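What follows is a short report on a single structure.
The values are calculated or read from the model by the stated rules, or taken from the named source; none is laboratory data. Since we're looking at a predicted model, the values are computed, not measured. Here Cβ is always computed from backbone atoms with ideal geometry, including for glycine, and neighbour counts include all displayed protein chains.
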């Protein structure tokens, strides 16, 4: 394991005063020739969705979404890129069309691609498109929506998920759902939690995993048999909903992960790793019954003899460390790999040779790809910065990755698995509109925060930066709280939008984040208002004291989810900020404990309010207790369909501010959840935030012309 430790240490920074306080003039452009990046650019960017490498590994197909602001319409297109001539750009297989939503492009063979769409079919179905001439043909004609397709050439089957009722098939479930929708009564009876999850009310249907045979019939690709539910014979509580699945190399079985259902599912995180025959002939077999925590990312070895997955050990804790578990199918032996790893991988899979594993591991401000040599247990980082969303092997020494940073949206690159750590860009779909706009580089600084530990801050520079001037600050607080703010593109909280309004943007990756070791993550348990608040205030102080160009008396703070909780907590602890923005934040830890859907989150982090010995823990960091101290003008934003932090939390915050006579506004979205997803809503959301903080920091900002 010493090789592993050496590899990790090599990527740790030297804690010295960085150049962020005296930025290099060469990183700034000629401002007279540089444009301002706005939310309009964000919503009109081309979004690369699903992509797939051809079986011969010579071409990649990808789906792309784009929104047209003028018409307030969106659509998709499907493109094909030859990896040997990528500089010439991709060809269009399926042209862009408003209202069209083609997704999950997946190769059937080297000349045919499967995808899902509705088009003229009665529901979302399976279609094919020719890589030779772009001819589109319908493959299935189900009356029930299908999604998440995976194809196995060995099994000659497509796997997908669909919502069905217990003991009822695909087509019959669609018919039953239509009949029930005609009932005169709208009442729904529940006898256990969940009653709702994320943004959806729970019905008696569950997302089940199906496979269906597909092949050529009279020269045309078609479904050649009936779909089978491969989890139907599961002997536990009905409703097992696979969330990740992959075929075995020989096509005989399918491997999947799924949360364990039952009366405790709302407050427990237990998930199973299962193997089932592809024809559903027998019940799924669970591989990790010895664990009661969450599990994810199961994948077969190339020879089909082993499985690897990520496993949490602690029940009811969704941010426990992901252990890398190697499982020998013949002996049923489990082995934990790289036990000295202090952070928590988000995904893991085998190389095509089976001699190494690929892992995506949060590492300070980045979420890069690593390669683990199974023989030596040495771990090497293969991407220098930013976030690797996914990857697929092109050859023994080359990977295709989907990667992004604050400076560019998700883009395809090629990287080496063994040589120089550099990226070769191969898609350029957004380069033309990004060219000439200000995209601040991501700079970092370190300071001593809570527990006398080093804490990392991220900085973006404002448009028109001149170090002889002083600039206001947008102090943006991440949610989670057991996540970190990575150097990543976001269509929601795009930090370069704030920098382009003329603000220094500061982010503090406070205690609780997931990229600085498990002890750092665990420290926030029962400490929502202590260590994170200390890190935030200390980090802001440290930056302002050392950056002569920062106006420490002109700071606005913004946060969402846990960040919104922290906005309310801040309002009761300090009046140092000119203005606050609270998006979907917690008002009362007590009411939140009873109204949120995933109870394991609040019960682990805060305690159970109905248990006398834990009540004080829940109350200790309750923002509602300090409403009498609130003074700072605040904008509150909340969506009707946010079931994680329900709307009542936002309304309660607004009520408290109004009754206290504090300048405040409530931006309410009747059609959004915990996020703001609709492009026009996003533009209004951005505009209202910019206007609010601009009003109190004396900055003229971009405004959405909502006409």
* Asked: Within the stretch 165-188, can one find any residue that is within 31 Å of the chain's Cα centre (by Cα), farther than 22 Å from residue 255 by Cβ, exposed (fewer than 14 other Cβ atoms within 10 Å of the Cβ) and in contact (Cβ under 8 Å) with a residue 24 or more places away in the chain?
  -> yes
* Asked: For residue 313, are the conditions met, namely being farther than 30 Å from residue 489 by Cβ, under 27 Å from the mean Cα position of the chain (by Cα) and surrounded by fewer than 21 Cβ atoms within 10 Å (Cβ to Cβ)?
  -> yes
* the stretch 521-565, subset more than 23 Å from the chain's Cα centre (by Cα) and in a loop (DSSP other than H, G, I, E, B), residue surrounded by the fewest Cβ atoms within 10 Å (Cβ to Cβ) -> 548
* Can you name the residue in the stretch 646-685 that is in contact (Cβ under 8 Å) with a residue 40 or more places away in the chain and under 12 Å from residue 635 (Cα atoms) and is also surrounded by the most Cβ atoms within 10 Å (Cβ to Cβ) among such residues? -> 653
* Asked: Which ones in the stretch 91-109 are touching a strand residue (DSSP E or B) at 6+ places or on another chain (Cβ under 8 Å) and more than 23 Å from residue 73 (Cβ to Cβ)?
  -> 91, 106, 107, 108
* Asked: Are any of the residues in the stretch 231-241 free of Cβ contacts under 8 Å to residues at least 60 places away in the same chain, out of contact with any strand residue (DSSP E or B) (no Cβ under 9 Å at 6 or more places or on another chain), farther than 19 Å from residue 142 by Cα and surrounded by fewer than 18 Cβ atoms within 10 Å (Cβ to Cβ)?
  -> yes
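For the structure I just gave you, tell me whether residue 600 is within 25 Å of residue 503 (Cβ to Cβ), touching a residue at least 24 places away in the same chain (Cβ under 8 Å) and out of contact with any strand residue (DSSP E or B) (no Cβ under 7 Å at 6 or more places or on another chain).
Values: within 25 Å of residue 503 (Cβ to Cβ): no; touching a residue at least 24 places away in the same chain (Cβ under 8 Å): yes; out of contact with any strand residue (DSSP E or B) (no Cβ under 7 Å at 6 or more places or on another chain): yes.
Taking the combined requirement at face value, the residue does not satisfy it.
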* Hey, residue 421 in contact (Cβ under 8 Å) with a residue 12 or more places away in the chain and within 21 Å of residue 566 (Cα to Cα) or not -> no
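Out of 352, 340, 320, report the one residue that is crowded, with 19+ Cβ neighbours inside 10 Å and modelled with pLDDT of 95 or more. Talk me through it step by step, then tell me what you get.
Working: 352 fails: crowded, with 19+ Cβ neighbours inside 10 Å; 340 fails: crowded, with 19+ Cβ neighbours inside 10 Å.
Going through 352, 340, 320 in turn, the sole match is 320.
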* Asked: Restricting the first residue to the stretch 404-416 and requiring it to be at positive phi and outside any strand (DSSP E or B), which pairs with a second residue that is surrounded by 21 or more Cβ atoms within 10 Å (Cβ to Cβ) and modelled with pLDDT under 95 meet a Cβ separation below 9 Å and a spacing of at least six or different chains?
  -> none
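Taking only the stretch 470-490 into account, find how many residues are in a loop (DSSP other than H, G, I, E, B) and in contact with a strand residue (DSSP E or B) (Cβ under 8 Å, 6 or more places away or on another chain).
So the answer is 9.
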* Out of (1) within 22 Å of residue 227 (Cα to Cα); (2) crowded, with 20+ Cβ neighbours inside 10 Å; (3) without any contact (Cβ under 8 Å) to a residue 40 or more places away in the chain, what's the single condition that is false for residue 285? -> (2)
* Asked: So which of 217, 226 is modelled with pLDDT under 95, surrounded by fewer than 15 Cβ atoms within 10 Å (Cβ to Cβ) and within 20 Å of residue 121 (Cβ to Cβ)?
  -> 217
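So is residue 463 part of a strand (DSSP E or B), touching a helix residue (DSSP H, G or I) at 6+ places or on another chain (Cβ under 9 Å), farther than 30 Å from residue 398 by Cβ and touching a residue at least 40 places away in the same chain (Cβ under 8 Å) or not? Give the derivation first.
Values: part of a strand (DSSP E or B): no; touching a helix residue (DSSP H, G or I) at 6+ places or on another chain (Cβ under 9 Å): yes; farther than 30 Å from residue 398 by Cβ: yes; touching a residue at least 40 places away in the same chain (Cβ under 8 Å): yes.
It is false that residue 463 is part of a strand (DSSP E or B), touching a helix residue (DSSP H, G or I) at 6+ places or on another chain (Cβ under 9 Å), farther than 30 Å from residue 398 by Cβ and touching a residue at least 40 places away in the same chain (Cβ under 8 Å).
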* Asked: Mind checking which residues of the stretch 573-592 are surrounded by fewer than 20 Cβ atoms within 10 Å (Cβ to Cβ) and not in a loop (DSSP other than H, G, I, E, B)?
  -> 573, 590, 591
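Taking into account only those residues within the stretch 485-503 that are under 12 Å from the mean Cα position of the chain (by Cα) and modelled with pLDDT of 95 or more, which is surrounded by the most Cβ atoms within 10 Å (Cβ to Cβ)?
Kept after step one, since they are under 12 Å from the mean Cα position of the chain (by Cα), are these residues of the stretch 485-503: 485-486, 488-492.
When the remaining residues are screened for being modelled with pLDDT of 95 or more, the result is 485-486, 488-490.
Details: 485: 25, 486: 28, 488: 22, 489: 24, 490: 15.
Here the answer is 486.
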* Failed criterion for residue 529 (all others in (1) touching a helix residue (DSSP H, G or I) at 6+ places or on another chain (Cβ under 6 Å); (2) within 30 Å of residue 683 (Cα to Cα) hold) -> (2)
* Structure fact -> If we ask which residues in the stretch 402-451 are closer than 21 Å to residue 83 by Cβ and out of contact with any helix residue (DSSP H, G or I) (no Cβ under 6 Å at 6 or more places or on another chain), their number turns out to be 26
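Could you grab me the full set of residues in the stretch 426-463 that are at positive phi and touching a strand residue (DSSP E or B) at 6+ places or on another chain (Cβ under 9 Å)? Spell out the reasoning first.
Initially, the stretch 426-463 is screened for residues at positive phi, giving 436, 451-452.
Matches in the stretch 426-463: 436 only.
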* Asked: farther than 30 Å from residue 596 by Cβ and in contact (Cβ under 8 Å) with a residue 24 or more places away in the chain - does that describe any residue in the stretch 259-271?
  -> no
* **Selection status of residue 479, farther than 22 Å from residue 554 by Cα and in contact with a helix residue (DSSP H, G or I) (Cβ under 6 Å, 6 or more places away or on another chain)** => yes
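I need the full set of residues from the stretch 645-676 which are assigned to a loop (DSSP other than H, G, I, E, B) and in contact with a strand residue (DSSP E or B) (Cβ under 9 Å, 6 or more places away or on another chain), in order please.
In the first step, residues of the stretch 645-676 are kept if they are assigned to a loop (DSSP other than H, G, I, E, B); the result is 645-646, 660-663, 670-676.
Answer for the stretch 645-676, where residues must be assigned to a loop (DSSP other than H, G, I, E, B) and in contact with a strand residue (DSSP E or B) (Cβ under 9 Å, 6 or more places away or on another chain): 645, 646, 662, 663, 670, 671, 672, 673, 674, 675, 676.
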* Pick out the one residue from 166, 154 that is under 19 Å from residue 52 (Cα atoms), part of a loop (DSSP other than H, G, I, E, B) and at pLDDT 95 or above. => 154
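What's the total number of residues in the stretch 305-356 that are assigned to a strand (DSSP E or B) and touching a helix residue (DSSP H, G or I) at 6+ places or on another chain (Cβ under 8 Å)? Break it down into steps so the answer makes sense when it comes.
Residues of the stretch 305-356 that are assigned to a strand (DSSP E or B), as a first pass: 306-311, 323-328, 333-337, 347-350, 356.
Now drop any that are not touching a helix residue (DSSP H, G or I) at 6+ places or on another chain (Cβ under 8 Å), which leaves none.
Number satisfying all stated conditions: 0.
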* **strands (runs of 3 or more DSSP E) fully within the stretch 28-86 counting 2 or more residues that are at pLDDT below 95 and either at positive phi or in contact with a strand residue (DSSP E or B) (Cβ under 6 Å, 6 or more places away or on another chain) (or both)** => 47-53
* **In the stretch 357-391, the residues that are without any contact (Cβ under 8 Å) to a residue 60 or more places away in the chain, assigned to a loop (DSSP other than H, G, I, E, B) and within 20 Å of the chain's Cα centre (by Cα)** => 361, 368, 383
* To do: State all residues of the stretch 122-140 that are touching a strand residue (DSSP E or B) at 6+ places or on another chain (Cβ under 6 Å), assigned to a loop (DSSP other than H, G, I, E, B) and within 16 Å of residue 222 (Cα to Cα); if no residue qualifies, say none.
  => 124, 139, 140
